[in-house]
DNA sequence: TCTTTAACTGTAAACGTTTACCGTGCCGAA
DNA sequence: TTCGGCACGGTAAACGTTTACAGTTAAAGA
């Protein structure tokens, strides 16, 4: 194994000098030259564990979320990655595929100097997660609703404003019988978006029909498809808002198999403005929650926090945008 | 900061005993008890950098690929994650969004004890990548075509057999004028799949029409859409094979906007069998390359290699499967 | 030429673990 | 009662860096 010691010998200097050259501190021209030459010759790579131990920083920022399969998180990851790429920090992803246990497992290793900062988008309200988060010794940036009792930098999107805009739009194109296709109520987005739906109906003086909420058990197309298949009252409605684009896609699959025309029989709105929304047929009206932008903002908050741990806690609010496509065209 | 030293003091034992208890080595009942009590009381978390430095293992396996936005990699990641979840290794993702520079940057940190093993699915043939890979001191498992000169465990899928099956199928449903919509030729899949297309045409005695290859500059829907929009001879063909589902989706978007009926005017086949393929309308016939399974196999190879570094190099070959859906129904 | 100062460089002590080695105390056998 | 053996526990030396501090050299001013 080639260590800093072997480089020092090869170059005929002390290990301190090697370290200084590597880290760009002052050195005489010829010292510097000999050190670089030795490094090249030996193909030396500094050991990051040793460095991390000494400087008490891993130079890693961890991004943690619950469902890699959800394209919204892919977009978010891209935002974080780009914001971090110019920094000295490396991005590592710790994604669970929707298992609270896995998240907890990851969070536990977090406190061990594995990462210098954690950007997390927790969709479950599990108290164990909250507890672990609040015990963490490293800065945390939360994307999404801040769990009760956590005091951390936060990027938040007002999804209820998005749902409100969607309902205003539906009303405007002449729809009155609006349903909601939700993801699991065990998640924050599930609870918040459902509440937003009810509020928006009320504030727009729209009648809340009975059984107007379809409840899927995951934010996935399959789950939407099954939920809708096993319900009998879809035809009661002239429009439906889905808690994300994936659910909308599953619903649309069902519709196309059952001769329900979109938008004439049923107008459909999704959430997230993922790639899917312009690939589906008809194209999908959707509420853009700006996942990529939120990721980038979170990364910036993290970098600032890392640079100045004493700065006051920040909260950034992002406004959603309604993107209108074919699935809500007027009849 | 609470270290093993503070735990030792709190428990009234030596740091060696604390370490032994944590690592499950022999200790008297009361020692063990006092140590765990102290750990609980101080909320102690062992520092992983220190441990990594000492035991020369990071207990991390890194999965690296080129394009998180490509759902095929999401599936692959799920496979790796599941295969690893029972092991002592943590999975970290280092994904670049299709930039060779970023991959190189990541690869360089790899040799520093950042990870104990690297599972990589390199789509670019860049020599710098090959060189870095061959210099790596840790085990490497390659998913995909093994770069020239690299000797590593390998999971390989015979995509040309898939393309062959696709062409046989098209012929069977009465198509003779077959085109190919390819991704960038700078990538391994791009080159291999194109070659497979030409071979399969020949071996099936099908005429190779002029300009029968449409060349997109990324494996994305947008890129497909643009490529097709700016070409004038799509109507020459009665069927088209796309180098992945994303490209097929972009093509189908173009078709639906330009009154080209699928499958009657044009039969379409994708590659990967991603979620998209059953959500599109019509649903998409596609070549399943079993990304999730390949991920799991690669992880198993890695675990075996890590357990026994001297075992012979393995190569696992996965056979593709043609999944037939609406986009290639007979006219 | 001699002193003062600045610019580098080397020595050695950390960082928080693991683990080889040795010492202690206990038990059972002679 | 003495001794051998065994099971634990403690001491201290690593692991590969960074960095405070002191020492050395060279340059500049007198």
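Out of curiosity, is residue A:194 under 21 Å from residue A:319 (Cβ atoms), in contact with a strand residue (DSSP E or B) (Cβ under 6 Å, 6 or more places away or on another chain) and free of Cβ contacts under 8 Å to residues at least 60 places away in the same chain?
Values: under 21 Å from residue A:319 (Cβ atoms): yes; in contact with a strand residue (DSSP E or B) (Cβ under 6 Å, 6 or more places away or on another chain): yes; free of Cβ contacts under 8 Å to residues at least 60 places away in the same chain: yes.
Yes: the conditions hold for residue A:194.
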query: Which ones in the range A:4-52 are closer than 27 Å to residue B:48 by Cα, assigned to a helix (DSSP H, G or I) and touching a residue at least 40 places away in the same chain (Cβ under 8 Å)?
result: A:4, A:52
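Conditions tested, residue by residue: (1) assigned by TED's automatic domain parsing to the domain that holds residue A:247; (2) assigned to a helix (DSSP H, G or I); (3) within 20 Å of residue B:95 (Cβ to Cβ).
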{"site": "A:81", "(1), (2), (3)": "no, yes, yes"}
{"site": "A:105", "(1), (2), (3)": "no, yes, no"}
{"site": "A:113", "(1), (2), (3)": "no, yes, no"}
{"site": "A:129", "(1), (2), (3)": "no, yes, no"}
{"site": "A:142", "(1), (2), (3)": "no, no, no"}
{"site": "A:150", "(1), (2), (3)": "no, no, no"}
message: Tally up the residues in the range B:1-17 that are within 6 Å of DNA strand C (Cβ to nearest atom) and under 18 Å from residue B:29 (Cβ atoms), please.
response: 1
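Considering only the range B:135-142, I want to know if a residue exists there that is farther than 21 Å from residue B:297 by Cβ, at the interface with another protein chain (Cβ under 10 Å from one of its Cβ atoms) and surrounded by fewer than 18 Cβ atoms within 10 Å (Cβ to Cβ).
Within the range B:135-142, the subset farther than 21 Å from residue B:297 by Cβ is B:135, B:137.
Add one more test, that the residue is at the interface with another protein chain (Cβ under 10 Å from one of its Cβ atoms), and what stays is B:135, B:137.
Of the ones still in play, those that are also surrounded by fewer than 18 Cβ atoms within 10 Å (Cβ to Cβ) are B:135, B:137.
The answer is yes, given that some residue of the range B:135-142 is farther than 21 Å from residue B:297 by Cβ, at the interface with another protein chain (Cβ under 10 Å from one of its Cβ atoms) and surrounded by fewer than 18 Cβ atoms within 10 Å (Cβ to Cβ).
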- prompt: surrounded by fewer than 18 Cβ atoms within 10 Å (Cβ to Cβ), within 16 Å of DNA strand D (Cβ to nearest atom), more than 14 Å from chain A (Cβ to nearest Cβ) and over 30 Å from residue A:75 (Cβ atoms), is that true of residue B:11?
  reply: no
message: For the range A:79-114, give me each residue that is within 16 Å of DNA strand C (Cβ to nearest atom) and free of Cβ contacts under 8 Å to residues at least 60 places away in the same chain.
response: A:108, A:109, A:110, A:111, A:112, A:114
Matching residues in the range B:71-86 - criterion: being modelled with pLDDT of 90 or more and more than 9 Å from every other protein chain (Cβ to nearest Cβ): B:72, B:73, B:76, B:79, B:80, B:83, B:84
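If you check residue B:33 against the conditions, is it at pLDDT below 95, over 25 Å from residue B:293 (Cβ atoms) and within 9 Å of chain A (Cβ to nearest Cβ)? Working first, answer last.
Numbers: at pLDDT below 95: yes; over 25 Å from residue B:293 (Cβ atoms): yes; within 9 Å of chain A (Cβ to nearest Cβ): no.
No.
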- prompt: What residue, among those in the range B:90-109 that are more than 9 Å from chain A (Cβ to nearest Cβ) and surrounded by 22 or more Cβ atoms within 10 Å (Cβ to Cβ), is farthest from residue B:133 (Cα to Cα)?
  reply: B:103
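Residue by residue, here is whether (1) touching a helix residue (DSSP H, G or I) at 6+ places or on another chain (Cβ under 6 Å); (2) within 24 Å of residue B:68 (Cα to Cα) holds:
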site	(1), (2)
B:106	no, yes
B:109	no, yes
B:132	yes, yes
B:139	yes, yes
B:150	yes, no
B:158	no, yes
B:191	no, yes
field: Checklist (1) at pLDDT below 90; (2) away from chain B (no Cβ under 14 Å); (3) buried (at least 22 other Cβ atoms within 10 Å of the Cβ) applied to residue A:117, failing item
entry: (1)
- prompt: Looking only at the range A:37-70, which residues are away from DNA strand C (no atom under 16 Å from the Cβ), facing chain B (nearest Cβ under 8 Å) and touching a helix residue (DSSP H, G or I) at 6+ places or on another chain (Cβ under 6 Å)?
  reply: A:45, A:68, A:69
- request: Of all residues in the range A:207-217, count the ones that are under 22 Å from the mean Cα position of the chain (by Cα) and surrounded by fewer than 21 Cβ atoms within 10 Å (Cβ to Cβ).
  value: 1
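The values are calculated or read from the model by the stated rules, or taken from the named source; none is laboratory data. The structure presented is a predicted model; accordingly, all values stated were derived computationally and were not measured. Here the Cβ is made from the backbone with ideal geometry for all residues, glycine too, and neighbour counts use every protein chain on show.
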